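The values are calculated or read from the model by the stated rules, or taken from the named source; none is laboratory data. What you are looking at is a predicted structure, and each value in this text was computed from that prediction instead of being measured. We place every Cβ from the backbone using ideal geometry, glycine too, and count neighbours over all the protein chains shown. To get the accessible areas, we keep the full protein, side chains included, count just its heavy atoms, and leave off ligands, DNA and RNA. Shrake-Rupley method; radii C 1.70, N 1.55, O 1.52, S 1.80 Å.
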Amino acid sequence: MLILLPPSEGKTPALRGPAVDWTDLGFPELNPYRAKVLDALGTVSAHQDALALLGVGASLRDDVERNTRLHAEPAAPAHSIYSGVLYDALGYRTLTPAQRRKADESVLVISALWGALRFGDSVPAYRLSMGTSLPDVGKLAPFWKAQLSDTLGAAAQGHLVVDCRSSTYAAAWAPPPEQTVSVNVFTESAGVRKVVSHFAKHTRGELARHLLVRRGKAPATPSDLLKAAREQWEAELVPGTPRKPHALNIILPG
């Protein structure tokens with residue numbers, strides 16, 4: 001089983017420690033592309049119009065300034081750098097050692113800067129969205145799509161892929177649809193369903209945690225995933241097509 005997560009927009013910087021060691025990152029074949037994006041990000045972040053170019057507000061000025069020195073910034077495992085609703089719900093710090101090992105093996109974060117990261121990969125905090133376009137790189141989703149196809153296709157071989165990403169990050173890599181289940185979250189009241197945003201992030205984090213802490217074998221098929229989800233929620237499975245993944249719909253009370 002592989003669990004795909006988006007990064008959090010907000011990140012918790014490491015306060016001390018060594019800088020990123022590129023040789024220790026998962027998927028080292030991505031390093032030349034990571035370096036290209038990092039260099040372009042540093043150049044843009046030093047520009048006088050950096051905030052506008054990166055599509056962020058003045059409150060994030062310090063985050064953007066940090067982008068100019070990422071080679072030297074302290075790095076920490078991805079599970080501690082990424083923060084926010086989804087990651088709080090997953091609660092890596094409260095997992096047992098065995099569950100943490102499972103998370104480190106099973107969770108992949110699709111990143112605008114790093115392409116793809118294992119949960120234990122150490123990186124610095126940064127500010128960059130997959131929807132951004134950088135000089136000499138272009139739009140990041142198609143840039144990474146060209147690089148991630150072979151690398152993540154090999155990593156996903158033989159695994160059920162549980163896709164908890166937002167659409168922005170899903171655009172960077174499409175796993176084989178027959179072995180992939182995208183996760184949707186709805187509220188339902190009086191028979192009317194509504195798509196939710198905040199609760200979707202929280203519930204996807206809870207689902208990831210449930211899959212990491214539950215006893216027994218990890219789900220190997222979409223039907224297995226549905227059974228696991230129904231241990232905690234009302235859920236349904238929408239079968240996929242040759243070009244579209246299966247969909248797990250989790251329904252919360254309205």
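For region 22-37, the tally of residues that are in contact (Cβ under 8 Å) with a residue 24 or more places away in the chain, closer than 15 Å to Q147 by Cα and open to solvent by less than 70 Å² (accessible area, probe 1.4 Å) stands at 5. Candidates in region 173-193 are the residues that are part of a loop (DSSP other than H, G, I, E, B) and touching a Leu at 6+ places or on another chain (Cβ under 9 Å); of these, the one that is nearest to A155 (Cα to Cα) is P175. In region 1-43, the qualifying residues are those that are within 20 Å of S83 (Cα to Cα) and of a type in the set (K, R), and the one that is farthest from the chain's Cα centre (by Cα) is R16.
Results for (1) open to solvent by 20 Å² or more (accessible area, probe 1.4 Å); (2) charged (D, E, K, R), shown as yes or no for each residue.
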site: V123; (1), (2): no, no
site: T168; (1), (2): yes, no
site: G191; (1), (2): yes, no
site: R209; (1), (2): yes, yes
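Checked against the criteria, P6 does not count as surrounded by fewer than 19 Cβ atoms within 10 Å (Cβ to Cβ), touching a strand residue (DSSP E or B) at 6+ places or on another chain (Cβ under 9 Å) and touching a residue at least 40 places away in the same chain (Cβ under 8 Å).
Check region 194-206 and report whether any residue there is assigned to a strand (DSSP E or B) and open to solvent by 50 Å² or more (accessible area, probe 1.4 Å). Checking region 194-206: at least one residue is assigned to a strand (DSSP E or B) and open to solvent by 50 Å² or more (accessible area, probe 1.4 Å).
I'd like the residue in region 97-112 that is surrounded by fewer than 21 Cβ atoms within 10 Å (Cβ to Cβ) and in contact with a strand residue (DSSP E or B) (Cβ under 9 Å, 6 or more places away or on another chain) and, out of all such residues, is nearest to G10 (Cα to Cα).
Here is the first cut: in region 97-112, the ones surrounded by fewer than 21 Cβ atoms within 10 Å (Cβ to Cβ) are 97-102, 104-106.
From what's left, in contact with a strand residue (DSSP E or B) (Cβ under 9 Å, 6 or more places away or on another chain): 104-106.
Working: D104: 21, E105: 24, S106: 23 Å.
Selected residue: D104.
Number of residues in region 211-254 that are open to solvent by 20 Å² or more (accessible area, probe 1.4 Å), over 29 Å from A98 (Cβ atoms) and of a type in the set (A, V, I, L, M, F, W, C) equals 2.
Specify which of the listed residues (Q48, Q99) is without any contact (Cβ under 8 Å) to a residue 12 or more places away in the chain and polar (S, T, N, Q). Please lay out each step first, then the result.
Values: Q99 fails: without any contact (Cβ under 8 Å) to a residue 12 or more places away in the chain.
Answer to the check: Q48.
Taking each residue of region 67-87 that is at pLDDT below 95 and looking for partners that are open to solvent by less than 30 Å² (accessible area, probe 1.4 Å) and not in a helix (DSSP H, G or I) with beta-carbon atoms closer than 7 Å, six or more apart or interchain, yields S83/S8; G84/S8. Considering V64, V85, the condition of being touching a helix residue (DSSP H, G or I) at 6+ places or on another chain (Cβ under 9 Å), open to solvent by less than 40 Å² (accessible area, probe 1.4 Å) and not acidic (D, E) is satisfied by V64 alone. Of all residues assigned to region 164-182, none qualifies as being in contact with a Gly (Cβ under 7 Å, 6 or more places away or on another chain) and under 12 Å from L2 (Cα atoms).
Scanning region 207-238 for residues that are touching a helix residue (DSSP H, G or I) at 6+ places or on another chain (Cβ under 6 Å) and outside any loop (DSSP other than H, G, I, E, B) yields A208, R209, L212, V213, A235, L237. Of the residues making up region 150-187, those that are of a type in the set (S, T, Y) and in contact with a His (Cβ under 8 Å, 6 or more places away or on another chain) number 2.
Every condition in (1) under 20 Å from I110 (Cα atoms); (2) open to solvent by less than 80 Å² (accessible area, probe 1.4 Å) is met by G57 except one, and the failing one is (1). The set of residues from region 175-189 being among the small types (G, A, S) and surrounded by 15 or more Cβ atoms within 10 Å (Cβ to Cβ) comprises just one member, S182.
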